[in-house]
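Below is one structure, written out as structure tokens; comments come after it.
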Amino acid sequence: MAYSLGRTLAVRFALTMGAALVLMALWAYRGVTVIMHDSLDRSLEATYEIQSGVVAVHGDFAPLRPIDERHFVEQVNRMVVGWDASGRMEQVNLELARDLALDSAAFRRALEGVRTSADGKWRGHDIRVLYGPAPPGAGAIAVIEIAAFREPMDAAALQVLLRMGSVALLGVLASFVGAVWLIRSALDPVETIARQASAIHGGRTGQRITAHAEVLELRSLIQVLNEMLARLERSYEWHREIIRDLGHDLRTPLATMRAAVEVALWTERRPEQYRAALASTLEEIDRLTLISDALSLLAKLESGDLKPVLATMDVRTVANQAVDRARERVGGHEIRFTPPAEALPATLDARLLGMVLDQLLDNARRHTPPGTRVNVTVGAQDSRVRLTVEDEGPGVPEEMLGRLFNHFYRVDPARGRQASLGLGLTLAASIVDLHGGLITAERHSPHGLRIRIELPREPLIEPGSSGHQ
């Protein structure tokens, strides 16, 4: 079920602020109540001191004029009672005080000379009482009780709570309104990003999201989306190049096969002429097969569907077999292989490594003049195996070395029957990367091209993983 992010954030922020304000209100109410209780106790202590002084001088309390209960609770709020040692009420400052009940525990402590505070009830009202010993000269009065009503104090504390609650409610409303405004202003760029992203389509290149955002996270989002668009654009261009180059590269062998078949069918020919036509056709079929296999293999490598079948082998053997295959195919080139004297064991996929060397040797043959030499060397450095293929051709310009392993890249854009699809070095780089290795290209002094491969001797993935199909 979809929901609005802005509304959800605003509600949660307002509720969080509301909860914080309610907790603050309760804490303030608790603090005010404690302060008022302390203030009431100090007031009772002051009244006790005054009444003790009056009793010590005059022998009785200063009586108050008759007053109604409500006015007394709201205005006077002090009752004074004198108790004798047996717990009998001796004197009061107001007839209303005769209804006060005796707190026996506090009374006994007062007889012992300890002032004691306690809570009680009087005609349904909550009261706070203080019991203290009577001073000398008080006659029969042994304990003085001072009582005060808590209702004014509780009413004031309740007013504080209600006002704090009102502030909390207003704070929640203000927080919600402010959060809505803040979140809306923060999420406005998101709507712009979505609108601009919806307008992007595959028909044009160079389209990017240009929304302005002050929020760092949204800037990061825009950057990530633009990087993704750049990758998709490169993928789109790559597929366009595939279609364009395939259309051209397939046309040449198909036209060649058609011409050979048509020439063979025009007139009666000798058997060797038919064999020559079939041989030419077979050569073009091999070329088509190579293109198909290269595309299929590259797709599996880039999708991660191809897993190497790892086994421990002597790298010298794999390289020697690749050189033998190249010598069978190559005419007019000398291929020299220089292996180390000792075995060079490594855990690799022999078939894939052989394909890499086939591609490199084929690339060297096609881009160097007949009669030149191709050198293949194998060695080891620390825990890595190093294979090098050097040719004596014209080499590659320095600025193009870094692009040799790109899809469909050709140093010479001219296309002919000997031109390649431009995937050989890309396949080699993908296979080397699959093994956790590194492939580099550099100019070979005084001229020519050197391609170096470094592979780890130990596998970066576990042996026994699913192999290539």
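The values are calculated or read from the model by the stated rules, or taken from the named source; none is laboratory data. All values reported here derive from a predicted model rather than from experimental measurement. Heads up, the Cβs are rebuilt from the backbone with ideal geometry, glycines too, and the neighbour counts pull from every protein chain shown. For accessibility, only protein heavy atoms count, side chains too; no ligands or nucleic acids. Shrake-Rupley method; radii C 1.70, N 1.55, O 1.52, S 1.80 Å.
Quick rundown of the values:
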{"quantity": "Filter result for Arg410 (more than 30 Å from Val309 (Cβ to Cβ), in contact with a Gly (Cβ under 6 Å, 6 or more places away or on another chain), modelled with pLDDT under 65 and not aromatic (Phe, Trp, Tyr))", "calculated": "yes"}
{"quantity": "Cβ pairs under 7 Å, 6+ apart, first in the range 312-325 and within 17 Å of Thr388 (Cβ to Cβ), second among the charged types (D, E, K, R) and open to solvent by less than 60 Å² (accessible area, probe 1.4 Å)", "calculated": "Ala322/Asp358"}
{"quantity": "Residue under evaluation Ala211, criteria (1) in contact with a Ser or Thr (Cβ under 6 Å, 6 or more places away or on another chain); (2) modelled with pLDDT under 75, criterion not met", "calculated": "(2)"}
{"quantity": "So Thr312, is it of a type in the set (S, T, N, Q) and either in contact with a strand residue (DSSP E or B) (Cβ under 7 Å, 6 or more places away or on another chain) or open to solvent by less than 60 Å² (accessible area, probe 1.4 Å) (or both)", "calculated": "yes"}
{"quantity": "Residue match in the range 122-133 (condition: more than 17 Å from Trp83 (Cα to Cα), open to solvent by 80 Å² or more (accessible area, probe 1.4 Å) and under 32 Å from the mean Cα position of the chain (by Cα))", "calculated": "no"}
{"quantity": "Complete set of residues in the range 286-319 that are within 28 Å of Thr368 (Cβ to Cβ) and either of a type in the set (D, E, K, R) or not in a helix (DSSP H, G or I) (or both)", "calculated": "Asp286, Arg287, Asp293, Arg316"}
{"quantity": "So Ala179, is it surrounded by 11 or more Cβ atoms within 10 Å (Cβ to Cβ), among the hydrophobic types (A, V, I, L, M, F, W, C) and modelled with pLDDT under 75", "calculated": "no"}
{"quantity": "Residue satisfying condition, being within 50 Å of the chain's Cα centre (by Cα) and closer than 17 Å to Ile451 by Cα, within set Arg384, Arg351", "calculated": "Arg384"}
{"quantity": "Test set (1) at pLDDT below 80; (2) in a helix (DSSP H, G or I); (3) out of contact with any helix residue (DSSP H, G or I) (no Cβ under 9 Å at 6 or more places or on another chain); (4) open to solvent by 100 Å² or more (accessible area, probe 1.4 Å) - Arg184 fails condition number", "calculated": "(3)"}
{"quantity": "The range 320-356 - residue that is in a helix (DSSP H, G or I) and of a type in the set (S, T, N, Q) and, of those, least open to solvent (accessible area, probe 1.4 Å)", "calculated": "Asn320"}
{"quantity": "Any hit, the range 85-96, residues being open to solvent by less than 30 Å² (accessible area, probe 1.4 Å), of a type in the set (Gly, Ala, Ser) and touching a strand residue (DSSP E or B) at 6+ places or on another chain (Cβ under 6 Å)", "calculated": "no"}
{"quantity": "Hits in the range 250-282 (condition: closer than 24 Å to Ala294 by Cβ and surrounded by fewer than 15 Cβ atoms within 10 Å (Cβ to Cβ))", "calculated": "Arg251, Leu254, Ala255, Arg258, Ala279, Leu282"}
{"quantity": "Residues of the range 134-153 that turn out to be more than 15 Å from Arg78 (Cβ to Cβ) and open to solvent by less than 50 Å² (accessible area, probe 1.4 Å), as a count", "calculated": "6"}
{"quantity": "Some residue of the range 194-205 being surrounded by 13 or more Cβ atoms within 10 Å (Cβ to Cβ) and in a loop (DSSP other than H, G, I, E, B)", "calculated": "yes"}
{"quantity": "Residue tally, condition surrounded by fewer than 18 Cβ atoms within 10 Å (Cβ to Cβ) and in a loop (DSSP other than H, G, I, E, B), over the range 357-390", "calculated": "6"}
{"quantity": "Per-region count, the range 117-161, residues among the aromatic types (Phe, Trp, Tyr) and part of a loop (DSSP other than H, G, I, E, B)", "calculated": "0"}
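Quick grid of which residues meet (1) surrounded by 13 or more Cβ atoms within 10 Å (Cβ to Cβ); (2) out of contact with any Cys (no Cβ under 7 Å at 6 or more places or on another chain); (3) modelled with pLDDT under 85; (4) not polar (S, T, N, Q):
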site: Arg12; (1), (2), (3), (4): no, yes, yes, yes
site: Leu15; (1), (2), (3), (4): yes, yes, yes, yes
site: Tyr29; (1), (2), (3), (4): yes, yes, yes, yes
site: Tyr48; (1), (2), (3), (4): yes, yes, no, yes
site: Val54; (1), (2), (3), (4): yes, yes, yes, yes
site: Glu69; (1), (2), (3), (4): no, yes, yes, yes
